[in-house]
Number of protein chains: 2
Amino acid sequence: MAKKTGKDKKDTKVKKAKKAVTPASFTEALRAGEGFELTTLDPRSTPAFDGDKVAGEEALAGLGDELAELQERLYAESKADGTRSVLLIIQGMDTSGKGGIMRHVVGAFDPQGVEITSFKAPTAEEKKHPFLWRIRKALPSPGDIGVFDRSHYEDVLIVRVHDLVPRSQWSRRYAQINAFEKEVAEAGTTIIKVMLHISSDEQKARLAERLERPDKHWKFNPGDIDERAHWPAYQEAYQAAIDKCSTEVAPWFVVPADRKWYARLAVTELVLEHLRALDPQWPKADFDVEAEKKRLAQLP
Amino acid sequence: MAKKTGKDKKDTKVKKAKKAVTPASFTEALRAGEGFELTTLDPRSTPAFDGDKVAGEEALAGLGDELAELQERLYAESKADGTRSVLLIIQGMDTSGKGGIMRHVVGAFDPQGVEITSFKAPTAEEKKHPFLWRIRKALPSPGDIGVFDRSHYEDVLIVRVHDLVPRSQWSRRYAQINAFEKEVAEAGTTIIKVMLHISSDEQKARLAERLERPDKHWKFNPGDIDERAHWPAYQEAYQAAIDKCSTEVAPWFVVPADRKWYARLAVTELVLEHLRALDPQWPKADFDVEAEKKRLAQLP
């Protein structure tokens with residue numbers, strides 16, 4: 001990114017002021033509210049966006065500067081005792097595009113203020129602890145954007161579908177998750193929970209592509225096909241997680257994801273809209289600026 | 001990045017074949033060999049590159065696709081028991097552009113395969129251990145690109161300049177570092193050590209800019225000016241680190257950094273040239289591809 005001159009700075013501010021009066025449209029359009037039904041949301045739809053793929057890619061590219069500035073402000077704020085952070089949780093069926101979100105959306109953030117945690121099947125050590133133990137350890141530091149590639153929701157998704165723990169145990173987890181997320185939010189972390197919603201047909205096409213292309217074979221696991229056989233049970237488990245855990249402090253956003261360009265644009269917009277609402281400010285200097293200018297000028 | 005079609009893939013390969021015959025020019029031009037003198041390298045020069053800023057930014061943008069593919073291959077290789085990784089170490093005086101390298105060079109890598117560690121003054125806990133203890137813990141996992149923002153070299157830079165430990169202790173560290181880096185390299189990690197080399201005048205201008213701009217005040221610390229007074233001692237300490245630790249397995253690369261665009265291009269090229277030399281390959285499928293295609297086709 002080119003160094004900003006004084007004039008550019010001013011332009012950025014003008015642009016921001018204009019955007020502030022725009023409704024937070026992706027946030028409103030994608031939030032899973034009371035009575036939300038996964039089956040009624042078309043995975044090829046593009047809520048809050050009218051354009052096609054080319055327009056979507058242009059729109060995405062246009063968000064970079066504002067996102068960069070807001071992220072840097074959030075980070076700067078934490079250096080002056082700010083305690084706020086953002087946690088982006090990405091869930092979705094196999095091939096729903098989680099990796100692409102990491103590469104193309106999270107990849108656009110300044111890596112110095114990002115912590116990605118990828119949650120695989122729990123290790124032997126992790127299994128000895130309550131399911132939220134490993135999650136707590138991965139929460140973002142102040143000023144950072146934490147990103148979860150899968151999350152504690154696996155503990156009510158794959159665990160529920162395969163009864164990896166007794167029903168009596170996983171059924172209690174929804175309330176535990178809500179209490180946990182409330183606590184995290186109250187400590188200063190803005191939680192953005194995203195489900196990438198693909199259709200069964202699209203998953204089949206994407207799995208077939210992984211089998212066609214030798215450079216995609218490493219991403220394929222025969223277990224992916226076994227899991228696909230459980231598609232309806234997974235949809236039901238997602239619906240339950242959304243019903244029970246789309247709360248005021250941590251709502252679910254369901255992003256139609258059959259069109260990868262749309263999902264990337266939508267997740268970026270969701271993060272951007274939440275950062276705008278946080279409105280982080282550059283910290284004031286805690287030193288005498290004029291005195292330091294003089295000291296610097298006096299050195300060779 | 002758009003999904004690659006079969007045709008695009010082929011094009012990438014053709015381009016790579018062409019580049020393979022080009023000499024690894026930045027690696028050769030920037031390596032600090034026998035008798036290298038920091039004082040003779042102009043911080044405004046642009047070794048191995050003829051163009052101006054605009055050409056440099058274009059050249060940098062043109063490296064993205066090949067870098068992305070090589071990084072993904074390295075990552076994929078590790079999923080099939082590959083043990084190789086890359087460690088990029090970034091050192092330089094205050095304001096030399098380390099943060100910009102993180103944002104613009106490391107930010108171009110896929111964040112899923114990158115681990116940045118920023119080494120600040122050691123904590124009380126870290127001070128109880130040998131200086132390499134915290135470094136070992138931050139070494140990259142197989143398949144990853146680890147990035148150190150400052151490193152164990154601080155233990156022979158700031159520590160030497162201020163005699164934070166007795167001379168008898170820091171003077172032994174050069175040999176300890178060489179032994180450590182040899183061990184790391186033998187375990188499969190390609191080490192790329194970069195010093196961002198700025199001039200004293202350029203540092204003065206950059207510190208002045210931080211004092212001029214309210215959005216840069218948070219990056220400024222009055223201690224930065226105290227440190228600037230030790231400029232000659234730091235240059236001497238860097239020269240000693242280069243003299244003693246530019247080894248066959250882990251040479252130093254000194255990157256002129258008064259021009260930020262050049263430093264970013266040069267560090268990207270250094271990583272790219274090292275990845276090309278590693279030449280990671282897509283792992284072969286460890287399952288029966290045709291059998292899996294049939295299973296997939298049979299599912300709804």
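Throughout, read-outs are computed from the coordinates displayed, never taken from laboratory work. Since the structure is predicted, the reported quantities are computational estimates derived from the model, not experimental observations. FYI the Cβ positions are ideal-geometry reconstructions off the backbone, even for glycines, and counts take in every protein chain you see.
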* Structure fact -> Taking the reciprocal of mean 1/r across every pair of different Cα atoms in the protein assembly as shown, the Kirkwood radius in Å is 26.2
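List, in the order given, every pair from A:LYS127/B:LYS127; A:LYS260/B:LYS120; A:LYS128/B:LYS137 whose Cα-Cα distance in the structure shown is over 30 Å. Could you put the intermediate results ahead of the total?
Numbers: A:LYS127/B:LYS127 33 Å; A:LYS260/B:LYS120 39 Å; A:LYS128/B:LYS137 24 Å.
Checking Cα-Cα distances, A:LYS127/B:LYS127; A:LYS260/B:LYS120 exceed 30 Å.
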* Paramagnetic label zone (point 7 Å from Cα along Cα-to-C-beta, B:GLU248; backbone N under 16 Å) in the stretch B:29-44 -> B:33-34
* Asked: What is the calculated FRET efficiency for B:ALA277 to B:LEU299, with r their C-beta to C-beta distance and R₀ = 35 Å, to the nearest 0.05?
  -> 0.25
* Structure fact -> Rounded to the nearest 500, the 222 nm mean residue ellipticity computed for chain A from DSSP H runs (n ≥ 4, each -39500 (n - 2.57)) alone is -14500 deg cm²/dmol
* Could you pull the copy-to-copy label distances for B:LEU299, with points set 7 Å along Cα to Cβ, in nm to one decimal and sorted shortest first? => 6.2
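Compute the normalised compactness of the stretch B:12-281: alpha-carbon radius of gyration over 2.2 N^0.38 Å, N being the residue count.
1.00
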* Asked: In the stretch B:214-300, with Lys and Arg counted as +1 and Asp and Glu as -1 at Cβ, which of these residues, B:GLY223, B:ALA263, B:PRO283, has the Cα nearest the positive end of the dipole, that is, farthest along it?
  -> B:PRO283
* Asked: Which distance in Å, rounded to a whole number, links the C-alpha centroids of the stretch B:180-198 and the stretch B:90-162?
  -> 12
* Asked: Which residue is it, in chain A, whose C-beta lies closest to the A-to-B rotation axis, and what is that distance in whole Å?
  -> A:PRO111, 3
* How far is B:ALA240 from the same spot in each other copy, in nm, shortest first, if each label point sits 7 Å from Cα toward Cβ? -> 6.5
* To do: Distances from B:THR123 to the same position in the other copies: list them in nm, one decimal, shortest first, using label points 7 Å from Cα along Cα→Cβ.
  => 1.8
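What FRET efficiency would be calculated for the residue pair B:ASP288, B:ARG167, taking the C-beta separation as r and a Förster radius of 51 Å, to the nearest 0.05? Walk me through the intermediate numbers first.
On the way: r = 64 Å, r/R0 = 1.26.
About 0.20, to the nearest 0.05.
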* Asked: Simple spin-label model, 7 Å along Cα-to-Cβ: B:GLU126 to B:ARG44 in nm?
  -> 3.6
* Asked: How about the stretch B:90-136: which trypsin sites (Lys or Arg not before Pro) there are in a DSSP loop, with at most 16 other Cβ atoms within 10 Å of their Cβ?
  -> B:LYS120, B:LYS128
